[in-house]
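Notes follow once the structure below has been shown.
The values are calculated or read from the model by the stated rules, or taken from the named source; none is laboratory data. Bear in mind the structure is a predicted one, so any value in this text is a computation, not a measurement. Backbone-built Cβ (ideal geometry, glycine too); neighbour counts: all protein chains shown. Ligands, DNA and RNA are stripped out before the accessible areas are found, and what is left, the full protein with its side chains, is counted by its heavy atoms. Shrake-Rupley method; radii C 1.70, N 1.55, O 1.52, S 1.80 Å.
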Amino acid sequence: MIYLDNAATSWPKPPGVADAMVRFLRDVGASPGRSGHALANEAERIRLDAREAVAELLGLRNPLRVVFTANATAALNLVLHGLLTPGAHVVISGMEHNAVMRPLRSLETGGAAVTIVPCGADGALTAADIEEYLRPTTRLLVVNHASNVCGTVQPVGEIAALARRHGIALLVDAAQTGGCRPIDVTGDGIDLLAFSGHKGLLGPTGTGGLVIHEDFDIDRLPALIQGGTGSRSEHERQPDFLPDKYEAGTPNIVGLAGLAAGVRFVLERGVEAIRRHEQDLTGRLLAGLREIAGVRILGPQDAGQRAAVVSFTVAGRASSDVAYELEQRFGVLCRPGLHCAPLAHRTLGTLPGGTVRFAPGLFNTVEQIAAAVDAVREVAGAATHG
Amino acid sequence: MAELAVILVHSTSHAIAAERVLKRAGLEVKLVPTPRHLSSNCGSAVRIPARDGAVCEQLLQAAGVPVDRIELLSERKRGQEPFSEKGS
Ligand SMILES: Cc1ncc(COP(=O)(O)O)c(C=O)c1O
């Protein structure tokens, strides 16, 4: 079996991830923030381990400014619903995921205004492209760091500088880049960054969060979910400090135990080494697929300009049929269709049929990539020869 | 016995973060239940030798760990409300 669906969720995980989760369930098990007994404190230490690892990975000095949520979607919703009051204007790229689009379409009916900045045919954008769309009412800028459809990487440093110059908050969707490309929230001046814990950070599903820059005043951002935090229990109002403000309810500590181990693995391996490996695999995929008649590759042609995500179409074949045949005949697991990102597919001109997506990860090998390319050649050959 | 103090915080997340920052700095710290006569904000507090109060405050401020306040634990109060040691 060849798993090429790492853009959805990475697999396999480093062995330390499952070990940490088992250890938590077996030896700790308690809920942090409440009770104050030894096991509750140990659970809080595990959560702090996860915060510290994520802060180090994403370039944040204070781990208490890492907030955990169920996934990147929940973190994106927290910011969008919190900042976009009626009348507020938001500018987004033409490559956003439905985790951004769906909340925005809903907020639009409540009086927020949404502007989509068109991207190039390969999905790329510059800060200059964005600037002309800013208005006096623009409250927020949202950019998908790397496309989950075709891997296009946006220049977030440059975009953050633009946002700062105009005094507009920037929200970066780093679901596809966390753990796979260097990210420096502090150095780049990114106000808010949403991450998935279960992709490049190598943690389990059900983990993700929001990273909040030191300069961002959290009084501007109300809590979307309110409830018990264990702190200030005598108050009926949500705490106004980090991280409790955004972490109501019993947290997924078993998941965070795994996440801490996943991120530690990434830090030990080194993000730059991971990026090189994934870029090598991506380059091989691009080179191999390009040679196959009837195959069209979307997005940047250079592996250096994309995350490890390659989308393609096969002439005369539906993407779902191609994916099904790749799995049934060759054991290649990938994802066909629209990848929860119809806007990105509109930008790329691949609506409504979508594409076949190969997303290699840290644990894929050069041999697996060669076998996957051979499998596509077989499938595409059958398509062109009848 | 050396005079003791407690660092009062808003939440367990801050208590554990404070414990870690101060332990890494080589200070003598212990997680304790917050003495009820001092605060009801958070169930846990960080006990330190009173002489380290100023340096703890500086370290926590530099690390961005919010502190409610630091209180001396007088012998008399300790006598009134004994608190057990736990955690760490
Ligand atoms: C670009 C992008 N944004 C957001 C998400 C949502 O992430 P999550 O599944 O962690 O909510 C994904 C992946 O599913 C994604 O690829």
Study note, to complete from the structure: Checked pairs for segment A:4-22, first under 23 Å from residue A:359 (Cα atoms) and among the hydroxyl-bearing types (Ser, Thr, Tyr), second assigned to a loop (DSSP other than H, G, I, E, B) and within 11 Å of the ligand (Cβ to nearest atom), C-beta under 9 Å and 6 or more apart or across chains, list as A:9/A:198; A:9/A:199; A:9/A:205; A:10/A:198; A:10/A:199; A:10/A:200; A:10/A:201; A:10/A:203
Review point. Residues of segment B:31-46 being surrounded by fewer than 18 Cβ atoms within 10 Å (Cβ to Cβ) and either at pLDDT 95 or above or under 21 Å from residue A:245 (Cβ atoms) (or both), which ones?
Key: B:39, B:40
Study note, to complete from the structure: Residue count, segment A:72-98, condition part of a loop (DSSP other than H, G, I, E, B) and out of contact with any strand residue (DSSP E or B) (no Cβ under 9 Å at 6 or more places or on another chain), comes to 1
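For every residue, the table says whether it meets (1) in contact with a helix residue (DSSP H, G or I) (Cβ under 9 Å, 6 or more places away or on another chain); (2) β-branched (Val, Ile, Thr); (3) open to solvent by 10 Å² or more (accessible area, probe 1.4 Å).
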{"site": "B:14", "(1), (2), (3)": "yes, no, no"}
{"site": "B:20", "(1), (2), (3)": "yes, no, yes"}
{"site": "B:26", "(1), (2), (3)": "no, no, yes"}
{"site": "B:54", "(1), (2), (3)": "no, no, yes"}
{"site": "B:68", "(1), (2), (3)": "yes, no, yes"}
Review point. Can you find even one residue in segment A:187-197 that is more than 22 Å from residue A:61 (Cβ to Cβ) and either in a loop (DSSP other than H, G, I, E, B) or open to solvent by 20 Å² or more (accessible area, probe 1.4 Å) (or both)?
Key: no
Check your understanding: Does residue A:43 count as open to solvent by less than 10 Å² (accessible area, probe 1.4 Å), within 14 Å of another protein chain (Cβ to nearest Cβ) and over 30 Å from residue A:154 (Cα atoms)?
Key -> yes
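Sort out for me the helices (runs of 4 or more DSSP H) sitting completely within segment A:250-346 that have 2 or more residues that are at positive phi.
Values: elements: A:253-269, A:271-290, A:319-330.
Those helices (runs of 4 or more DSSP H) do not exist here; none qualify.
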Revision key, fill the gap. Subset of segment A:95-121, residues surrounded by 19 or more Cβ atoms within 10 Å (Cβ to Cβ) and of a type outside the set (A, V, I, L, M, F, W, C), comes to A:96, A:97, A:103
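Table: residues versus (1) open to solvent by 70 Å² or more (accessible area, probe 1.4 Å); (2) hydroxyl-bearing (Ser, Thr, Tyr); (3) touching a residue at least 12 places away in the same chain (Cβ under 8 Å).
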residue	(1), (2), (3)
A:315	no, no, yes
A:318	no, no, yes
A:334	no, no, yes
A:339	no, no, yes
A:343	no, no, yes
A:347	no, yes, yes
A:351	yes, no, yes
